[in-house]
1. For the stretch 80-107, enumerate the residues that are touching a helix residue (DSSP H, G or I) at 6+ places or on another chain (Cβ under 9 Å) and among the small types (Gly, Ala, Ser).
2. Quick one: count up the residues across the stretch 204-241 that are among the β-branched types (Val, Ile, Thr) and over 19 Å from the mean Cα position of the chain (by Cα).
3. Can you pull out the residues in the stretch 24-55 that are more than 21 Å from Arg111 (Cα to Cα) and touching a helix residue (DSSP H, G or I) at 6+ places or on another chain (Cβ under 8 Å)?
4. Is it true that Ser12 is closer than 30 Å to Arg102 by Cβ, outside any strand (DSSP E or B) and touching a residue at least 24 places away in the same chain (Cβ under 8 Å)?
5. When the residues of the stretch 39-84 are narrowed to those that are among the small types (Gly, Ala, Ser) and part of a loop (DSSP other than H, G, I, E, B), which ends up surrounded by the fewest Cβ atoms within 10 Å (Cβ to Cβ)?
6. When the stretch 11-57 is examined, which residues are found to be closer than 30 Å to Ala136 by Cα and among the hydrophobic types (A, V, I, L, M, F, W, C)?
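A short reminder: the numbers here are calculations on the coordinates, not readings from a lab. The structure presented is a predicted model; accordingly, all values stated were derived computationally and were not measured. Positions of Cβ are backbone-derived with ideal geometry, glycine not excepted, and every protein chain shown enters the neighbour counts.
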Amino acid sequence: MIFDIRPGDPASPVILHVPHASRELTAEARASILLGDEELAEELDNLTDAHTAEIAARVPGVWEFRNRWSRLVVDPERFPDEREEMLAAGMGAVYTHGYAGRRLRSSDPDRDRRLIEEHFRPYARGMTDLVGERLAAAGRAIVVDVHSYPREALPYELHGDGPRPPICLGTDDFHTPTAIVAAAQAVFPGMLLNTPFAGCYVPLEHYRRNNMVQAVMIEIRRDCDPAVVGEQLTAFVKAIS
């Protein structure tokens, strides 16, 4: 399997999406990466969203959709084509470069297409199906995208020169209602909007088409206490459910 689903309350509209928590690689992905084990561990240390699986697990009653594999296999949150701005850093759906610009893989369009077909598209379909189930059960779906980031900007960040608050709330002007923003402001002290990361994940089938699919991204600075953030996230989910 490419992803794991933790069932929640049958009536809950909330899906915690945890895409970058794993350090695990498939055998094929590991074979395609040019780095030795020590260099690879450094990439994983910097690119894995530390604490996000632990924090999501602390939130009761919600549905959770978690990537089983590292983003170094395929990053399910990138656009799989030229729409993806991170292609400029070698970090589209299939990364060819790492957090500091180091070459991870050789260029191989056939390999990239295979990884996208085997990992990206089934993952996207699984998430789309879960969103559809929440729409049918609750009349709406709320995707809460859970990430973490370091105190200091990493070299790959295209917009890393802004403030780095304890909690960054990524929003979308179509999919993020003002009530969700207000609920986040009430439970996350010091939170800022869309800095250093902006936007949120919505399955492409619903993106800018269905405003009953609501979404927000929670970016957690990695020096925050996971237990405290877990309590805050639980309060936030309760407020928006």
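1. Correct list: Gly92, Ala93, Gly98, Ala100, Gly101, Ser106.
2. Taking the stretch 204-241 as the starting set, the residues that turn out to be among the β-branched types (Val, Ile, Thr) are 213, 216, 218, 220, 228-229, 234, 237, 240.
Those left that are additionally over 19 Å from the mean Cα position of the chain (by Cα): 228, 240.
So the count comes out to 2.
3. Scanning the stretch 24-55 gives His51, Glu54, Ile55.
4. Details: closer than 30 Å to Arg102 by Cβ: no; outside any strand (DSSP E or B): yes; touching a residue at least 24 places away in the same chain (Cβ under 8 Å): yes.
The answer is no for Ser12.
5. Within the stretch 39-84, the subset among the small types (Gly, Ala, Ser) is 41, 50, 53, 56-57, 61, 70.
Narrowing further to those that are part of a loop (DSSP other than H, G, I, E, B): 50, 61, 70.
Numbers: Ala50: 19, Gly61: 13, Ser70: 23.
Ranking the qualifying residues of the stretch 39-84, first place goes to Gly61.
6. Ala11, Val14, Ile15, Leu16, Val18, Ala21, Ala53, Ile55, Ala56, Ala57
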